[in-house]
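The values are calculated or read from the model by the stated rules, or taken from the named source; none is laboratory data. Quick caveat: nothing in here was measured; it's all calculated off a predicted structure. Positions of Cβ are generated from backbone atoms using ideal geometry, with glycine treated the same way; all protein chains shown enter the neighbour counts.
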Amino acid sequence: MHKPWIKICGITRHEDALLAAQLGADAIGLNFYADSPRVINVEQLEDIVGELDQKILVVALFVNPDRELVDSVISTGKVNFLQFHGSESPSFCESFSLPYMKVFRVGESENLIADIRAYSSARYILLDSFDVCAFGGTGKTFDWPVAAKLVSELDVDLVVAGGLSPENVAEAVALIKPFGVDISSGVEAEKGIKDAEKMKLFIEGASKSV
């Protein structure tokens, strides 16, 4: 089994972005959803991602955005991947110049497999926990066997999020066998501020499960 692709999401500070890259994360996520406690604006991009290793993916996260917002983020040249967390259509997601990841919240849809297949242009599919009050970053897990079943039935690169932590990531990877894992609140000292030791232990835990 391959080492899972690892994304640290909800980055708001340059020192956290730099440390995630140094610890071996494959991607960082920057949140442009106005109602998120981890939201940043376009003007902060340079300060947060400047001098990062170019190997790491810089993912811009949106929830039902205006096209103008996505275009303004892309135009900075500081991101190389998009993540759509709302009800964006396949045609909208694929209409930009960058590859994208589409998020599905487990428990929200009655036909998750069909919904995922509609986004065949997505580079990755991310499974997160469903919460009526929040789009991600809830710290809640979902039914992992559901994700394991999807991995076995779908020919897509599935990334798992939702309630992962340094303590449970190895178990999640062993059970689900996903392409990758994604974490935000589980490695925080407080909302938007990462905890260095938690990030280190999470990346080690995800990697040791191989």
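In table form, for the structure just shown:
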quantity: All positions within the range 22-41 that are surrounded by fewer than 21 Cβ atoms within 10 Å (Cβ to Cβ) and closer than 20 Å to LYS200 by Cα; calculated: GLN22, LEU23, GLY24, ASP26
quantity: Residues of the range 149-167 satisfying the condition of being over 17 Å from CYS9 (Cα atoms) and either without any contact (Cβ under 8 Å) to a residue 24 or more places away in the chain or surrounded by 16 or more Cβ atoms within 10 Å (Cβ to Cβ) (or both); calculated: LYS149, LEU150, VAL151, SER152, ASP155, VAL156, ASP157
quantity: Members of the range 1-21 found to be basic (Lys, Arg) and either surrounded by 22 or more Cβ atoms within 10 Å (Cβ to Cβ) or modelled with pLDDT of 95 or more (or both), listed by number; calculated: LYS7, ARG13
quantity: Flag if GLY180 is touching a helix residue (DSSP H, G or I) at 6+ places or on another chain (Cβ under 9 Å), modelled with pLDDT of 85 or more and either closer than 21 Å to ILE6 by Cβ or surrounded by 17 or more Cβ atoms within 10 Å (Cβ to Cβ) (or both); calculated: yes
quantity: Where LYS200 falls short, out of the listed (1) exposed (fewer than 14 other Cβ atoms within 10 Å of the Cβ); (2) at pLDDT 95 or above; (3) of a type outside the set (A, V, I, L, M, F, W, C); calculated: (1)
quantity: Residue, farthest from ASP115 (Cα to Cα), within the range 42-85, restricted to residues that are surrounded by fewer than 13 Cβ atoms within 10 Å (Cβ to Cβ) and among the small types (Gly, Ala, Ser); calculated: GLY50
quantity: Given (1) in contact with a strand residue (DSSP E or B) (Cβ under 6 Å, 6 or more places away or on another chain); (2) within 28 Å of GLU204 (Cβ to Cβ), index of the condition LEU82 fails; calculated: (2)
quantity: Hits in the range 173-186 - residues which are part of a helix (DSSP H, G or I), within 13 Å of the chain's Cα centre (by Cα) and touching a residue at least 60 places away in the same chain (Cβ under 8 Å); calculated: SER185
quantity: Residue match in the range 2-9 (condition: of a type in the set (A, V, I, L, M) and within 13 Å of the chain's Cα centre (by Cα)); calculated: yes
quantity: All positions within the range 32-59 that are assigned to a loop (DSSP other than H, G, I, E, B) and farther than 20 Å from GLY86 by Cβ; calculated: GLY50, GLU51, LEU52, ASP53, GLN54, LYS55, ILE56
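Yes/no matrix, rows are residues, columns are (1) touching a residue at least 60 places away in the same chain (Cβ under 8 Å); (2) over 15 Å from the mean Cα position of the chain (by Cα); (3) part of a helix (DSSP H, G or I):
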| residue | (1), (2), (3) |
| --- | --- |
| VAL73 | no, yes, yes |
| GLY77 | no, yes, no |
| GLN83 | no, no, no |
| GLU88 | no, yes, no |
| SER95 | no, yes, no |
| MET101 | no, no, no |
| ASP115 | no, yes, yes |
| TYR119 | no, yes, no |
